[in-house]
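Colleague: Quick one: the structure is below, questions incoming.
The values are calculated or read from the model by the stated rules, or taken from the named source; none is laboratory data. Everything numeric in this text was worked out from a predicted model, so none of it was measured. Reconstructed Cβ throughout: ideal geometry from the backbone, glycine too, with neighbour counts over all protein chains shown.
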Amino acid sequence: MARGSVVIVASDGLERGDAALLGVEIETLHRLAKTIIWINPHRGKIGYEPVQGGMAAALPHIDHLVAGHSLEAFQQALDTMG
């Protein structure tokens, strides 16, 4: 179902499980999808760096990392798609 689609992931990237597994799964999804947009509520905070386990594992395989902390941020995510 993901082939050629735009996939939106809404997560803070603070995974509790094996972050390496998340990286493998996102990499697989990236090969199928047209675009992966990750909406992270912490992205809008000053000084935020995507270094947590889940974010660090996923980051090389996503196309856009956008903030998800406000309605304006969600609008920017929508603008990314179009």
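Colleague: Of everything in the range 35-82, what is under 16 Å from V6 (Cα atoms), within 14 Å of the chain's Cα centre (by Cα) and not in a helix (DSSP H, G or I)? Give them in sequence order.
Modeller: T35, I36, I37, W38, I39, I62, D63, H64, L65, V66
Colleague: I've got another one for you. Restricting to the range 8-34, name every residue that is part of a helix (DSSP H, G or I) and closer than 15 Å to A56 by Cα.
Modeller: A19, A20, L21, L22, G23, V24, E25, I26, E27
Colleague: Does V9 satisfy the condition of being touching a Lys or Arg at 6+ places or on another chain (Cβ under 7 Å) and surrounded by 15 or more Cβ atoms within 10 Å (Cβ to Cβ)?
Modeller: For V9, the condition - touching a Lys or Arg at 6+ places or on another chain (Cβ under 7 Å) and surrounded by 15 or more Cβ atoms within 10 Å (Cβ to Cβ) - is not met.
Colleague: When you look at E72, is it surrounded by fewer than 14 Cβ atoms within 10 Å (Cβ to Cβ) and modelled with pLDDT of 85 or more, yes or no?
Modeller: So E72 does not fit the description; no.
Colleague: When you go through (1) over 10 Å from the mean Cα position of the chain (by Cα); (2) assigned to a helix (DSSP H, G or I) one by one for G4, which number turns out not to apply?
Modeller: Evaluating G4 over (1) over 10 Å from the mean Cα position of the chain (by Cα); (2) assigned to a helix (DSSP H, G or I) leaves (2) as the failure.
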